Amino acid sequence: SNLCNSCFNCVCDLVKPVFSRICIEGNIASGKTTCLEYFSKTSNIEVLTEPVSKWRNVQGHNPLALMYQDPARWGLTLQTYVQLTMLDRHLSTVAAPVRMMERSLYSAKYIFVENLYRSGKMPEVDFAVLSEWFEWIIKNIAIPVDLIVYLQTSPQTCYERLKRRCREEERVIPIEYLESIHNLYEDWLIKQTSFKVPAPVLVIPADHDLQKMLQQYEENREKILTTGRA
Ligand SMILES: Nc1ncnc2c1ncn2[C@@H]1O[C@H](COP(=O)(O)OP(=O)(O)O)[C@@H](O)[C@H]1O
Ligand SMILES: Nc1ccn([C@H]2C[C@H](O)[C@@H](COP(=O)(O)O)O2)c(=O)n1
């Protein structure tokens, strides 16, 4: 057990971990990256942002752009790659007592794949293949999460922030898309009626201006950073 207590990467259940793994969840442009940037200034925290740059450039291809152009054709392509890159993030060697990661393997499936499927933009066979992949992964590989921090926004706030951020691929996103993602997040993390929630959820209202958001992060700092730790 000495070995377990001194090893950040051990996933054995016999001893309480001395580290914690936190996932920051929320709608597109809800402020997750900004939140992670803020906490990255704290010592002993490892911050893992979403691998969006990979989704925009895999061996010279841009599956994120393709997905927004033609979701029925490219949804499976993007989401297969998202699943791989998220798995890689979860399994990468832990480098500090606290790890904060943007989104998760879980939201990729329960929110984004689910949304493509429910909106009729993903063929049943693509959904079945992705679902079998996902089920295999979570059955055979431990993907532990100690806390989910949900940045809860209105779709309108995200729409305004998204427009201001001006990411080229996202120009085509209508507010209805953000509403669907929002509803899936609310069903999963607030009502808890859709899919299994893999960790306790801390909800932070995130429609506020930056100053108020930073104040809330300070107020919740202890709660966030001590979760899951011995
Ligand atoms: N509290 C806030 N008030 C206003 N604008 C914000 C706030 N938080 C983030 N932003 C801006 O909104 C955009 C999206 O934020 P970002 O952190 O990239 O979101 P996400 O990582 O969730 O997509 C960025 O341009 C960012 O500077
Ligand atoms: N499983 C996923 C995850 C993310 N996306 C899209 C949504 C955004 O356009 C972009 C990154 O999201 P953000 O960090 O800005 O919230 O990737 C997706 O399509 N599928």
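The values are calculated or read from the model by the stated rules, or taken from the named source; none is laboratory data. Remember, predicted model here, so these are calculated numbers, not experimental data. No Cβ is skipped: glycine too gets one built from the backbone with ideal geometry, and neighbour counts run over all protein chains shown.
Within region 24-42, the set of residues being closer than 18 Å to V203 by Cβ, assigned to a helix (DSSP H, G or I) and within 8 Å of ligand 2 (Cβ to nearest atom) comprises just one member, K32. Screening M67 on (1) assigned to a helix (DSSP H, G or I); (2) surrounded by fewer than 21 Cβ atoms within 10 Å (Cβ to Cβ) shows it passes everything except condition (2). In the set (1) closer than 22 Å to E25 by Cβ; (2) in a loop (DSSP other than H, G, I, E, B); (3) away from ligand 1 (no atom under 16 Å from the Cβ), the condition left unmet by Q83 is number (2). In region 38-58, the residues that are farther than 16 Å from Y68 by Cβ reach residues that are more than 11 Å from ligand 2 (Cβ to nearest atom) and of a type in the set (D, E, K, R) with C-beta atoms within less than 6 angstrom, at least six apart or across chains, in these pairs: E46/R99; L48/R89. Within region 204-230, the set of residues being surrounded by 13 or more Cβ atoms within 10 Å (Cβ to Cβ), outside any helix (DSSP H, G or I) and either away from ligand 2 (no atom under 16 Å from the Cβ) or aliphatic (A, V, I, L, M) (or both) comprises I204, P205, A206, H208, T227, G228, R229.
When region 132-175 is filtered for residues that are buried (at least 19 other Cβ atoms within 10 Å of the Cβ) and farther than 23 Å from Y217 by Cα, only F134 remains. When Q192 is tested against (1) within 16 Å of ligand 2 (Cβ to nearest atom); (2) surrounded by fewer than 21 Cβ atoms within 10 Å (Cβ to Cβ); (3) of a type in the set (S, T, N, Q), just one condition goes unmet, and that condition is (1). In region 174-203, which residues are of a type in the set (A, V, I, L, M), without any contact (Cβ under 8 Å) to a residue 60 or more places away in the chain and outside any loop (DSSP other than H, G, I, E, B)? I175, I190, V201, L202, V203 - these are the residues of region 174-203 that are of a type in the set (A, V, I, L, M), without any contact (Cβ under 8 Å) to a residue 60 or more places away in the chain and outside any loop (DSSP other than H, G, I, E, B). Any residue at all in region 111-131 that is crowded, with 21+ Cβ neighbours inside 10 Å, outside any loop (DSSP other than H, G, I, E, B) and without any contact (Cβ under 8 Å) to a residue 40 or more places away in the chain? Taking every residue of region 111-131 in turn, at least one turns out to be crowded, with 21+ Cβ neighbours inside 10 Å, outside any loop (DSSP other than H, G, I, E, B) and without any contact (Cβ under 8 Å) to a residue 40 or more places away in the chain. I'd like to verify a number: residues in region 43-56 that are within 13 Å of ligand 2 (Cβ to nearest atom) and either more than 11 Å from the chain's Cα centre (by Cα) or of a type in the set (K, R) (or both), how many? Of the residues in region 43-56, 5 are within 13 Å of ligand 2 (Cβ to nearest atom) and either more than 11 Å from the chain's Cα centre (by Cα) or of a type in the set (K, R) (or both). Is at least one residue of region 10-23 at pLDDT 95 or above and either within 22 Å of L116 (Cβ to Cβ) or in a helix (DSSP H, G or I) (or both)? Checking region 10-23: at least one residue is at pLDDT 95 or above and either within 22 Å of L116 (Cβ to Cβ) or in a helix (DSSP H, G or I) (or both).
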